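Comments concern the structure below.
The values are calculated or read from the model by the stated rules, or taken from the named source; none is laboratory data. Only a predicted model underlies this, so the values are computations on that prediction, with no experimental measurement involved. Neighbour counts are summed over all protein chains in view; Cβ atoms, including those assigned to glycine, are modelled from backbone coordinates with ideal geometry. Note: areas computed on protein heavy atoms with side chains; ligands, DNA, RNA excluded. Shrake-Rupley method; radii C 1.70, N 1.55, O 1.52, S 1.80 Å.
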Amino acid sequence: MSIIPQKATIATVSIGNLEFEGLMLEDGSFAIGVPQIGINWLNQDTQNYTAQTLKRLLAKGSKTHKIVFFDCKTEFNKDKTLAVNLLDFQRILRVLDKAGYQSATDTCDDLIGVAIDQLWADAFNIKREKEDRQRVIVARQTH
């Protein structure tokens, strides 16, 4: 029995000066394609090699949570793309950071406090716009 790949739309995701393709699945949840992880954080450009590298690193790293890889299709790619949800992507970034991948360390450092800052803003009923969050990240990247 084959599993039907989920359909996804693509949008450019910005983390300050870093831009890559993000996915939104049919159910409204977000994901990232394994090829994007390979290109942006592992300096690898093939999906299979990136998936193998991630599985090897994850076997050493996070023993408490199994990362779930799944297939999806986009309007730009007739072939299936291997993807992970955002929570698993965060876990992957943490494992890559611990394994010494500088680009993952930089991304983790750039994102530290963004969510917690937003929670504080929410508590004080302060509306933060997309530009406000990006401005904070860009400032971190340039210092």
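Key figures for this structure:
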{"quantity": "Pairs where the first residue, in segment 18-29, is farther than 17 Å from ASP71 by Cβ and the second is among the small types (Gly, Ala, Ser) and outside any strand (DSSP E or B), C-beta under 9 Å, 6+ apart", "calculated": "LEU18/SER103"}
{"quantity": "Filter pass, VAL68 being part of a loop (DSSP other than H, G, I, E, B) and open to solvent by 50 Å² or more (accessible area, probe 1.4 Å)", "calculated": "yes"}
{"quantity": "Single residue of segment 86-101 satisfying the filter (under 14 Å from PHE30 (Cα atoms) and open to solvent by 90 Å² or more (accessible area, probe 1.4 Å)) that is nearest to the chain's Cα centre (by Cα)", "calculated": "GLN90"}
{"quantity": "Residue that is open to solvent by 40 Å² or more (accessible area, probe 1.4 Å) and of a type in the set (A, V, I, L, M), where the choices are ALA51, ALA104, ALA83, ALA123", "calculated": "ALA123"}
{"quantity": "ARG135 at pLDDT 90 or above and basic (Lys, Arg)", "calculated": "no"}
{"quantity": "Residue satisfying all of: in segment 1-51; among the acidic types (Asp, Glu) and outside any strand (DSSP E or B); nearest to PHE76 (Cα to Cα) among these", "calculated": "GLU26"}
{"quantity": "Boolean, THR81 is of a type outside the set (Lys, Arg), touching a residue at least 12 places away in the same chain (Cβ under 8 Å) and either assigned to a helix (DSSP H, G or I) or within 26 Å of GLU129 (Cα to Cα) (or both)", "calculated": "no"}
